[in-house]
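Below you'll find the structure, written out as structure tokens, and then a few comments.
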Amino acid sequence: MKLAVTIWGNRVSPVFDAAKTLLIADIENRMIMKKNYISFDPGSPEGLIKLLKKIKVPILVCGAISTAPADLFVENGIKLISFVTGNALEFIETFAQKQTIEKSYMMPGCSKQYSWHHKFKNFTS
């Protein structure tokens, strides 16, 4: 499984629009096998969708995101995990091991919005 995390420094970017870097992680057997960084333009969700599809990354993790771009990702088959906070590498390691999102990585007060984007049940598909 591959996933992309919008980052700011070493953290999940608190706001999607402020991020300019993705941390891409390849996860196999509940371990991070490979990771790399890619620059992107947050002002062009369409461009990011094309990039994610080109590099075969079906899951995008981010902090706060507006409804319009969030809907665009979901409508284009990108599994969106939004309103995430914390150290990006720690988040990916925990996600890889447990295949779930720990509550400690959810932004305070965002559990309903966070769940709204989960139009999928299985992270591995």
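Dividing the Cα radius of gyration of segment 1-48 by 2.2 N^0.38 Å, with N the residue count, gives 1.19. At the listed q of 0.10, 0.16, 0.23 Å⁻¹, the Debye profile of segment 1-97, built from one uniform point per Cα, gives log10 I(q)/I(0) equal to -0.21, -0.57, -1.24. The slack in the chain from Met33 to Lys50, taken as 0.36 nm per residue of separation less the alpha-carbon distance, amounts to 3.8 nm. Here segment 23-50 is scanned for amide nitrogen atoms under 16 Å from the site 7 Å beyond the Cα of Leu72 along Cα-to-Cβ, giving 40-50.
With contacts defined as alpha carbon pairs under 8 Å and 6 or more residues apart, what's the relative contact order of the chain in percent?
26 percent
Each residue of segment 7-17 was assigned a 3J(HN,Hα) from its phi angle through the Karplus curve 6.51 cos²θ - 1.76 cosθ + 1.60 (θ = phi - 60°); the sequence is 10, 9, x, 9, 10, 4, 4, x, 10, 3, 4 Hz, with glycine and proline shown as x.
Of all DSSP bridge pairs formed entirely within the chain, close to 70 percent run antiparallel.
Every read-out reported here was derived from the displayed coordinates using simple, explicitly stated rules and does not represent laboratory data. Treat the numbers as computed from the prediction; the structure is a model and nothing was measured. Positions of Cβ are generated from backbone atoms using ideal geometry, with glycine treated the same way; all protein chains shown enter the neighbour counts.
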